[in-house]
Amino acid sequence: MFFWLREIAGWALVAIALFLINIGLSYVTDMQEPRVVEAAVVMFVGTSVMRAGILLVRVSTAARACRLDRDA
């Protein structure tokens, strides 16, 4: 059951990361006042959160595969 919680948390982190990356891109593409430094910080945080989310999804997928292999 814990692998489902890991997978849901992983996909939630991926969604949050995509939202953060969207915010970072909107900071850079603002033609009136581009905020490059703030965008770099937000993009760094977004990519870090994305890596954590993908790691959780990979771990939960591996756990499900091992459980299926053990049951068979």
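The values are calculated or read from the model by the stated rules, or taken from the named source; none is laboratory data. This structure is a prediction, so every number in the text was calculated from the model and none was measured. Cβ sites come from the backbone with ideal geometry, for glycine too, and all protein chains shown count toward neighbours. These area figures cover heavy atoms from the full protein model, side chains too; ligands, DNA and RNA do not enter into them. Shrake-Rupley method; radii C 1.70, N 1.55, O 1.52, S 1.80 Å.
Summarise the long-distance tail of P(r) for the chain by giving the % of C-alpha pairs beyond 19 Å.
Details: 1192 of 2556 pairs.
Percent of Cα pairs beyond 19 Å in the chain: 47.
Give me the net charge for the shell around residue 28: Cβ to Cβ below 12 angstrom, other residues only, Lys and Arg +1, Asp and Glu -1.
Working: positive: 35; negative: 30, 33, 38.
So the surrounding residues net to -2.
Given C-alpha coordinates of segment 24-63, what is the ratio Rg to Rh with the Kirkwood estimate of Rh?
Values: Rg = 14.6 Å, Rh = 11.5 Å.
With Rh from the inverse mean 1/r over Cα pairs, Rg/Rh is 1.27.
Within the accessible area of the chain, what % is carbon and sulfur when the probe is 1.4 Å and the other protein chains stay in place? That share works out to 72 percent. Excluding ligands, DNA and RNA, the accessible surface per residue across the chain is 75 Å² with a 1.4 Å probe.
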